[in-house]
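Peer 1: Mind having a look at this structure? Questions to follow.
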Amino acid sequence: MSETTATAPKPFDWSSPEAMAKRKRRYAADRRLRLYGLVSILVAIGLLGILIASLVVTGYSAFVQTKIAVEFTADPENVPAEDPGAGNFRAVVSNAVQALFPEIENRRELRTASKILSNGATTIVRNHVIANPGLVGQTFTLEVPASDPFDQLNKGVIDRNLPEDRRRVSDAEIELFESLEARGLVSTPFNWGLFFNADSRFPELAGLAGAVVGSFYALLVCFLISFPVGIAAAIYLEEFAPKNRWTDLVEVNINNLAAVPSIVFGLLGLAVFIQVFGLPRSAPLVGGMVLSLMTLPTMIIVTRAALKSIPPSIREAALGIGASKHEVILHHVLPLALPGILTGTIIGLAQALGETAPLLLIGMNAFLTSPPGGIMDPATALPTQIFIWADSPERGFASRTSAAILVLLGFLIFMNAVAIYLRQRFERRW
Amino acid sequence: MNMLTDAAVEAVLTEAPKETLKMRGSGVNVFYGEKQALFDVNLDIRENQVTALIGPSGCGKSTFLRCLNRMNDTIDICRVNGEITLDGEDIYDPRIDVVELRARVGMVFQKPNPFPKSIYENVAYGPRIHGLASTKSEFDAIVETSLQKAGLFNEVKDRLHEPGTGLSGGQQQRLCIARAIAVSPEVILMDEPCSALDPIATAKVEELIDELRENYTIVIVTHSMQQAARVSQRTAMFHLGHLVEEGPTDKIFTNPDDKRTQDYITGRFG
Ligand SMILES: Nc1ncnc2c1ncn2[C@@H]1O[C@H](COP(=O)(O)OP(=O)(O)O)[C@@H](O)[C@H]1O
Ligand SMILES: [Mg+2]
């Protein structure tokens, strides 16, 4: 700065070619940045679209089910009126098949024809008669599911034009099925069984009821544990805890806990809840406890954020007229924070709903043909059910796997929508 | 020293004997962590008078006010020493019940802060937690008289069950005053109660303060010299954590002893 003869800069020429070129480059950079962002978003949406589309393409057929209208006769010879449950329904079904195809004479062919109906047909007819005892001695029409190969045939998954040795149904079987179609006995209604049946070895009968109920119980347990514990812990940390090294340590560890891989919690559940406490394997109780370990840190973090967001003026208002600490918290801060807490809770539960690894470790991937009756009964959950089905070789399970994923996604979208609704509905009213 | 004796003489000369001492701070020091915000403040608050605290921002007016009902207890890093008495009792004595103290020494804040509940609930909340009323008609009576004393009843009597947050700023502030009155305090502390209000609402609140003086002792922090002059009987001037000067409002504004007070009220700093 020793030079005293500082020359004044020349006036900047905004219209010189260099200046204009530079400005042009700057605008080009703006446009590029915008373009990169746009491309990234399109890639993300595209990938999501491909995922959903492929699920829908493979899964949509599981939402309908091929059914065949069959006339059954519960003749008293096979079905005793005094105890319909003890009847020989196998004979009832096989008589009905015989009646469908009067031209068949030998037993082998009859057995082949019976395979068009689901293996569960006997049970379906039996349950129907037990529910309606008046049907004994009567003839009635019932729509029973077609077995998996014929379901796939009807849905076009199995191509009738392939050579016979390359498909799972023979020409003779196709002929039988086509005769049923010609008589108008084949229909494909919405597959309520997907929601109301439990798991089954036969894909045409397998449904998600057991998994939905199991997931519900597990989430219930998870909610009942993590909601009160999370809120109480958050209130302590936010409102009572002194700010010192110990509470800092607790805080850091809670944040770390939220990042622990879920399979670790599964191992913990296996080692502690099942082996030390002796709780039953595969039970939603244990599943919920393990899931609550995972949601608890999220709950605490979300609740603290919600409590923090309540303006101090509300606390001061209450303190200023002599409210004690618990009154300030329970009468004012907590109710105002509740929408935020609920939003976080639902998002935490939605995460828990999709969790698979810890549930596999505690055995919630058992094969169960009836929904759990309570939190101590063995159960599966939606994600583990998907896991089981994805592992099954039958064609019918492939589409059911995709359908189950769609159902799970549906639940998740619903829960997140509720969370968003709550957030918007109750946001900031002071 | 001279100033103190003068103030004492003044007090004896100008005040009628009915004026009794309500609160007294002696040797009050306040620290926020390492930082000292108040230095050896000695200030008397007289019953049924309005005491105005003035001074440039950050000089410790709010800090002193918040010592009077121990609102500073809620700030972790805040430490108070010295003695503050209410009717001769040390309010920092460990045996003192803070909940009762805050009911006796109510507070109105700078920004109107009604609860996000109905107007009725806002006023009834204090009496409910302290158990001042038990039947519906008792609550109704408290709500009505409190709103009346706060000059708000006629404006809201048809919508007592609508949210208090739906009122205008000035109405909200009078609702906060009604809420403070509802627990029958002896002292009401007001921290710049009009700074968020428009001139008309301010005039209403000032009028109200003048009426309230009959039944309550009032300490008000204000940024506005005119307001201090209009509503207060006594004024205390703070500067950089020190109490510079205290005395009858007329005297402080016309003939202050301290140069800093003179400079402040004539707008030379602040
Ligand atoms: N919660 C707090 N934590 C730390 N320092 C504070 C806090 N509140 C006030 N102070 C400090 O104390 C001093 C006095 O503040 P305050 O009493 O609010 O001043 P005034 O109300 O006169 O403007 C200021 O320097 C301020 O920075
Ligand atoms: Mg202030």
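Peer 1: Go through the range A:186-214 and report how many residues are farther than 19 Å from residue A:394 by Cα and not in a loop (DSSP other than H, G, I, E, B).
Peer 2: Matching residues across the range A:186-214 total 11.
Peer 1: What are the residues in the range B:70-87 that are within 15 Å of residue B:23 (Cα to Cα) and in contact (Cβ under 8 Å) with a residue 40 or more places away in the chain, if any? Don't jump to the end; show me each part of the working.
Peer 2: Initially, the range B:70-87 is screened for residues within 15 Å of residue B:23 (Cα to Cα), giving B:70, B:82-87.
Result: B:82, B:83, B:84, B:85, B:86, B:87.
Peer 1: Let me ask something else. Taking residue B:65, is it assigned to a strand (DSSP E or B), at pLDDT 95 or above and within 14 Å of ligand 1 (Cβ to nearest atom)?
Peer 2: no
Peer 1: Continuing with this model, one more query. Can you tell me which of (1) more than 25 Å from residue A:407 (Cα to Cα); (2) open to solvent by 40 Å² or more (accessible area, probe 1.4 Å); (3) touching a residue at least 60 places away in the same chain (Cβ under 8 Å) is the one residue A:202 doesn't meet?
Peer 2: With (1) more than 25 Å from residue A:407 (Cα to Cα); (2) open to solvent by 40 Å² or more (accessible area, probe 1.4 Å); (3) touching a residue at least 60 places away in the same chain (Cβ under 8 Å) applied to residue A:202, the lone miss is (1).
Residue-by-condition table, conditions (1) surrounded by 20 or more Cβ atoms within 10 Å (Cβ to Cβ); (2) more than 10 Å from every other protein chain (Cβ to nearest Cβ); (3) of a type in the set (D, E, K, R):
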site: B:58; (1), (2), (3): no, yes, no
site: B:83; (1), (2), (3): no, yes, yes
site: B:105; (1), (2), (3): yes, no, no
site: B:108; (1), (2), (3): yes, no, no
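Peer 1: Also, quick follow-up: Which of the residues that make up the range B:173-189 are more than 11 Å from chain A (Cβ to nearest Cβ) and within 18 Å of residue B:67 (Cβ to Cβ)?
Peer 2: Matches in the range B:173-189: B:186, B:187.
Peer 1: Moving to a separate point now. Within the range A:49-68, identify whether any single residue is out of contact with any Lys or Arg (no Cβ under 7 Å at 6 or more places or on another chain), surrounded by fewer than 19 Cβ atoms within 10 Å (Cβ to Cβ) and within 22 Å of residue A:182 (Cβ to Cβ), and answer yes or no.
Peer 2: yes
Peer 1: Do you know which residues across the range A:293-341 are touching a Leu at 6+ places or on another chain (Cβ under 8 Å), within 14 Å of chain B (Cβ to nearest Cβ) and on the phi < 0 side of the Ramachandran plot?
Peer 2: Result: A:310, A:314, A:328, A:333, A:334, A:337, A:339.
Peer 1: Another one. What tally of residues in the range B:110-153 results from selecting those that are over 14 Å from residue B:181 (Cβ atoms), part of a helix (DSSP H, G or I) and either within 16 Å of ligand 2 (Cβ to nearest atom) or within 12 Å of chain A (Cβ to nearest Cβ) (or both)?
Peer 2: 3
Peer 1: Could I ask something else about it? Of the conditions (1) under 21 Å from residue B:45 (Cα atoms); (2) within 16 Å of ligand 2 (Cβ to nearest atom), residue B:264 clears all except one; give me its number.
Peer 2: (1)
Peer 1: Right, here's the next one. Considering only residues of the range B:157-170 that are part of a helix (DSSP H, G or I) and either at pLDDT 95 or above or open to solvent by 70 Å² or more (accessible area, probe 1.4 Å) (or both), which is nearest to the other protein chains (Cβ to nearest Cβ)? Give the steps one after another, and end with the answer.
Peer 2: Taking the range B:157-170 first, the residues part of a helix (DSSP H, G or I) are B:157-159, B:164-166, B:169-170.
Those left that are additionally either at pLDDT 95 or above or open to solvent by 70 Å² or more (accessible area, probe 1.4 Å) (or both): B:157-159.
Values: B:157: 22, B:158: 22, B:159: 17 Å.
By that ranking, first place goes to B:159.
Peer 1: Condition check: within 30 Å of residue A:113 (Cβ to Cβ) and either at pLDDT 90 or above or acidic (Asp, Glu) (or both). Does residue A:68 satisfy that?
Peer 2: Criteria met by residue A:68.
Peer 1: Determine, yes or no, whether residue B:96 is aliphatic (A, V, I, L, M), touching an Asp or Glu at 6+ places or on another chain (Cβ under 8 Å) and open to solvent by 10 Å² or more (accessible area, probe 1.4 Å).
Peer 2: yes
The values are calculated or read from the model by the stated rules, or taken from the named source; none is laboratory data. Predicted model only: the values in this text are computed from it and were never measured. Cβ coordinates were reconstructed from backbone atoms using ideal geometry, including for glycine residues, and neighbour counts include every protein chain displayed. In case anyone asks, the SASA skips ligands and DNA or RNA and just uses the protein heavy atoms, side chains included. Shrake-Rupley method; radii C 1.70, N 1.55, O 1.52, S 1.80 Å.
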